[in-house]
Structures are given as structure tokens and as C-alpha cells.
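Structure first, commentary second.
The values are calculated or read from the model by the stated rules, or taken from the named source; none is laboratory data. What you are looking at is a predicted structure, and each value in this text was computed from that prediction instead of being measured. All Cβ positions, even for glycine, are placed from backbone atoms using ideal geometry, and neighbour counts span all protein chains on display.
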Amino acid sequence: MALNTIWKGQLKISLVSFPVRLYAAVGSTNKLALNQLHKQCHSRIQLDTFCPEHGKLTRSEITKGYEYEKGKYITIADIEFFACVA
């Protein structure tokens with residue numbers, strides 16, 4: 001896949017200038033999909049905020065996580081997620 005340049009320019013230091021190209025770190029086809037998880041046991045919750053192990057959940061008991069292997073998750077706090085995006 002060919003990389004598309006986002007920006008082209010020059011970095012000038014004294015009398016010497018260097019060409020600079022900026023590329024996107026992640027392509028538009030790569031999307032990060034997060035799942036909602038129960039904070040205590042990291043079980044994936046159902047659409048009606050129901051944990052199969054603990055029953056009905058409140059909003060404060062839900063967190064986000066990335067499934068890196070079938071049934072195994074890494075949880076991501078909102079502060080970490082927004083720090084990465086910004």
C-alpha cells in the first residue's frame with residue numbers, strides 16, 4: 001500500500017534546508033474497536049448493560065477494553081484514551 005503524504009515542507013537551519021514529509025501513523029482502513037467491559041472481572045457486557053457473571057450493571061461499573069486474544073482484554077481508562085488521541 002502506498003503511503004500518502006499529509007504535508008510537505010522544509011526545515012531550514014541557518015543556510016541549510018532539509019525536505020520534510022509528514023505521513024499518517026495509522027491508515028484510514030485501520031480502526032480501533034473497543035468493547036464495553038465490567039470493571040471488576042473484565043467480562044464483555046451485553047447491549048442492555050448486563051454482565052453474564054454479575055447481572056445488571058450501572059454506568060459507573062462499565063469500562064472500555066481492547067480484545068487482544070479471544071476472551072482476553074486490556075482495559076483503557078478514558079484519560080489514557082483521550083491522551084493518545086489528542
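A single member of Lys8, Lys12 is in a strand (DSSP E or B), in contact with a Leu (Cβ under 8 Å, 6 or more places away or on another chain), basic (Lys, Arg) and modelled with pLDDT of 85 or more, and it is Lys8.
Of the residues examined, Leu34 is not one that is without any contact (Cβ under 8 Å) to a residue 24 or more places away in the chain and surrounded by 10 or more Cβ atoms within 10 Å (Cβ to Cβ).
When the range 15-37 is filtered for residues that are under 23 Å from Thr75 (Cβ atoms) and either in contact with a Ser or Thr (Cβ under 7 Å, 6 or more places away or on another chain) or at pLDDT 90 or above (or both), only Leu37 remains. Picking from residues in the range 38-57 that are modelled with pLDDT of 85 or more and of a type in the set (S, T, N, Q), the one that is surrounded by the most Cβ atoms within 10 Å (Cβ to Cβ) is Ser43.
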